[in-house]
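Undergrad: I have a structure I would like to understand better, so I am pasting it below and will then ask my questions one at a time.
The values are calculated or read from the model by the stated rules, or taken from the named source; none is laboratory data. Please read these numbers as outputs of a predicted model, since none were measured by experiment. Note that we place each Cβ from the backbone using ideal geometry, even for glycine, and neighbour counts take in every protein chain shown.
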Amino acid sequence: MEIASAHRTYALRDNGIGAAIVNFLINGAIAWLMFRTVVSVPLWGQQSIAGDTIGTGFFLPFITCLIVTPLTLRQVQSGNLPRPAWSRIDHPLLARLPSGAAKRGALLGAFGALVAAPPVVLAFLVLGVGELGLWRFIAFKAIFAAILAAIVTPLIALAALGDASKVPSRSPG
């Protein structure tokens, strides 16, 4: 399967680097809004590092999938991106993802919550970190979200491009 240069650029630059920057800013702002009244954030508890990390692990890929999938389809339909010569099922990894933004987002969200977030929480445990000051927590959440977005968003974009190979173009006029 050969991925065109325009599709690589769209997946890696726009949906990798771009998503990392946007999620760094958005999640830093979310952390400040949610935790601005506390001096420090504990590792465990109702408002905690662990809970927030697992929640971000799920909701970031899920919401991203709900946004990026239709945007990508529209880019192809409008002619801003060339229609892929390949389908999602032509790729061994992408073929394993379900069709439909919500199902795909739920699966990638489960991956984020169950695979990506636990090692981060475990690292805090091993390092003996019981809490983070507010600004350190904000920085942590922003960086975690940026890294997760840089990993999952290009995958979401490529899966959507693979789906777009079968979507009819809009007729001009």
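Undergrad: Could you tell me which numbered condition I17 fails, if it satisfies all but one of (1) of a type outside the set (D, E, K, R); (2) exposed (fewer than 13 other Cβ atoms within 10 Å of the Cβ); (3) in a helix (DSSP H, G or I)?
TA: Of everything listed in (1) of a type outside the set (D, E, K, R); (2) exposed (fewer than 13 other Cβ atoms within 10 Å of the Cβ); (3) in a helix (DSSP H, G or I), I17 misses just condition (2).
Undergrad: Looking at the range 1-14, which of the residues that are under 20 Å from A145 (Cβ atoms) and among the aliphatic types (A, V, I, L, M) is surrounded by the fewest Cβ atoms within 10 Å (Cβ to Cβ)?
TA: L12
Undergrad: Any chance the range 122-130 includes a residue that's touching a strand residue (DSSP E or B) at 6+ places or on another chain (Cβ under 9 Å) and either at pLDDT below 95 or not hydrophobic (A, V, I, L, M, F, W, C) (or both)?
TA: Within the range 122-130, the first condition is being touching a strand residue (DSSP E or B) at 6+ places or on another chain (Cβ under 9 Å), and the residues that meet it are 124, 130.
From what's left, either at pLDDT below 95 or not hydrophobic (A, V, I, L, M, F, W, C) (or both): 130.
Yes, the range 122-130 has at least one match.
Undergrad: Within the range 34-45, is even one residue under 21 Å from the mean Cα position of the chain (by Cα) and either among the hydrophobic types (A, V, I, L, M, F, W, C) or under 20 Å from F144 (Cβ atoms) (or both)? Walk me through it before giving the result.
TA: Of the residues in the range 34-45, the ones under 21 Å from the mean Cα position of the chain (by Cα) are 34.
Restricting the remaining residues to those that are either among the hydrophobic types (A, V, I, L, M, F, W, C) or under 20 Å from F144 (Cβ atoms) (or both) gives 34.
Yes, the range 34-45 contains at least one residue that is under 21 Å from the mean Cα position of the chain (by Cα) and either among the hydrophobic types (A, V, I, L, M, F, W, C) or under 20 Å from F144 (Cβ atoms) (or both).
Undergrad: From the residues in the range 95-145 that are farther than 20 Å from L25 by Cβ and of a type in the set (K, R), which one is surrounded by the most Cβ atoms within 10 Å (Cβ to Cβ)?
TA: Residue satisfying both the conditions and the ranking: R104.
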